[in-house]
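This report concerns only the one structure given below.
Read-outs: derived from the displayed coordinates by stated rules, not from any lab. Please read all numbers here as calculations on a predicted model, not as lab measurements. Because the Cβ atoms are built from the backbone with ideal geometry, glycine has one as well, and the counts that use them run over all protein chains shown.
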Amino acid sequence: MGDDEALEQVQTRRSGPLTVAVAGRPGAGSSTMAAALRTCFRLCCMTIGDTDPPPTADLLIRVIGAQVREQDRRALADVAVPTIVVAAKADVRSDPRALADAAADDLGRSVHPVSGLLASAAVGPADLVGLRAADPPAPLLRRYGLTGVAAARELLDRLPESTAREVTERLRAVSGIDALADPIRERSGPVATLRDRRLRDDLRLLAARGVARDDAERALVGFAS
């Protein structure tokens, strides 16, 4: 990689799209939550494990289960990037809001109950036949869960002409994913601060290595001014 290319790469990283790391204990639903964030917010997401290196992402989504575990507490205590905590699998909890509130009291930070399964659902026209049936077929129950099927059927009973897209929108509304929009926006300031710090570090490293030293040092002077 040439000097100019190396300098351009670190500067581009400062203004690139928001990147999100989604983490959680095995089985907590991190992969499903990442899929939901991609589907609903078009975010660039990666899933990471607790033993992986610290994420280079701008934002961390920590996915917890029905209760906070010590592994969650340790992970959140060491986090160095702006973070949002999500209580996943809300569609299978009897009172997801109460569980999220209890987790928030435990962690001392907001916790948002979300069903990644329903948020990432994509109902097709063929699914409507099964959802209208007296006994929905097992594949639909596996794809949308009992809560999703019940929400879809309630809409179809109330508005029989509902389209597949409208049923999909209903499942998204039930999922709780839209409650993450404001917290994500609210992290824009801390994300900008994090990116500025990373850019300074990258420019200093380039200058120390003699890679585009003059340009890197000029950028650092402009950065500090």
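To keep it simple, each residue is scored yes or no on (1) without any contact (Cβ under 8 Å) to a residue 24 or more places away in the chain; (2) aliphatic (A, V, I, L, M).
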site	(1), (2)
Pro54	no, no
Ile61	no, yes
Gln71	no, no
Leu76	no, yes
Val79	yes, yes
Val85	no, yes
Lys89	no, no
Val92	no, yes
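What are the residues in the range 144-184 that are under 18 Å from Met33 (Cβ atoms) and without any contact (Cβ under 8 Å) to a residue 24 or more places away in the chain, if any?
The initial filter retains those residues of the range 144-184 that are under 18 Å from Met33 (Cβ atoms), namely 144-145, 147-148, 168, 171-184.
Listed by number, the residues that qualify are Ala173, Asp182.
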